[in-house]
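Read the structure below first, then the notes.
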Amino acid sequence: MSATLAELLGTMLLILLGDGVVANVVLKQTKGHNSGWIVITAGWAFAVTVGVYCTNAISGAHLNPAVTIAMATIGKFDWALVPGYIAAQMAGAFLGATLVWLAYLPHWKATDDQGAKLAVFCTGPAIRNTLSNVICEIIGTFVLVLGALAILSPANLVPNSGFDKGLAPALVGVIVWAIGLSLGGPTGYAINPARDFGPRIAHFILPVHGKGGSDWRYAWIPVVGPIIGGILGALVYKALWPVV
């Protein structure tokens, strides 16, 4: 498998399970209807863990354009590979969202709330305030990238020990769970441009029963905010953490 194909499939799994848990909670007449925020944040954490475990050995399991750009910014990834990775991540996110639509096919008609249907695919603010929403996405992605670099560093997970490969994906899931629980309330913690933009396109294109608009005026925030936050997180890590 090529690295770009791994990024596509890993991001597809991420969105299938991540958007899937949102669908299970917010759509009517599902087994998990109204099970709450803890279920959603746990589901997303496990979704990230599955995606990373499946692809880490092949592509490094970025599964996120903000991570790819951040790694390239500090010299840990080749800029020439960035466009291919991002394209694969966006395509995978679109495919994952499409599979969620198919998996919950009868429940779109059973659900009247257009906002809930959109929430299955992409994020939206609890309180719409452009500056605050951007800042929240910057902070969340800053924690994601800084946490991934620091927690998964050789100082903590000794290379070739076995623990580095065995524990790293689970620890990334823990980071995402922590972000969702602590920082997810204001914007729904996209912290990943592909996670938001690919499924938003799917919402726009797919014949989702009774859907409303795709909220394109908000769509730039979960793209720009995470990219800024990811770059800042990587730069702070490079500046302050010892190179081992």
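Tabulated values for the structure
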| read-out | value |
| --- | --- |
| Computed over the chain: relative contact order in percent, which uses C-alpha pairs under 8 Å that are six or more apart | 30 |
| Separation in nanometres of the label points that stand 7 Å from Cα toward Cβ, at residue 204 and residue 34 | 3.5 |
| Probe 1.4 Å - accessible area at residue 79, Å² to nearest ten | 140 |
| Where the range 155-229 is the region considered: accessible area per residue in Å², 1.4 Å probe | 43 |
| 15 Å beta-carbon shell around residue 152, net charge (K/R +1, D/E -1) | +2 |
| Length-normalised contact order for the range 1-128 - Cα pairs under 8 Å, 6+ apart - percent | 40 |
| Extended-chain gain in nm, criterion 0.36 nm per residue less alpha-carbon gap, residue 127 and residue 87 | 11.3 nm |
| Exposed trypsin sites (Lys or Arg not before Pro) absent - longest run of the chain, DSSP non-H/G/I/E/B, at most 10 other C-beta within 10 Å | 32-216 |
| Computed lengthening from residue 181 to residue 109, 0.36 nm per intervening residue step minus Cα-Cα distance | 22.9 nm |
| Close Lys-Lys pairs in the chain, where close means Cα under 14 Å and separation is 8 or more or interchain | 6 |
| Solvent exposure ordering (accessible area, 1.4 Å, most first) of 1, 71, 90 | 1, 90, 71 |
| The chain: mean projected area of Cα convex hull, nm² | 12.5 |
| Neighbourhood net charge (13 Å Cβ-Cβ; Lys/Arg +1, Asp/Glu -1) for residue 125 | -1 |
| Rounded percent of accessible protein surface that carbon and sulfur make up, the range 78-170, 1.4 Å probe | 69 |
| Net +/- balance of residues flanking residue 137 in space, Cβ distance below 12 Å, scoring K and R +1, D and E -1 | 0 |
| Kyte-Doolittle mean at least 1.6 and Cα axial length at least 30 Å: DSSP H helices in the chain | 3-26, 130-151 |
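The values are calculated or read from the model by the stated rules, or taken from the named source; none is laboratory data. Everything numeric here is computed off the predicted structure, so don't read it as measured data. Counting neighbours? That spans all protein chains shown, and the Cβs are built from the backbone with ideal geometry, glycine included. These accessible areas exclude ligands, DNA and RNA; they are computed on the full protein's heavy atoms, side chains included. Shrake-Rupley method; radii C 1.70, N 1.55, O 1.52, S 1.80 Å.
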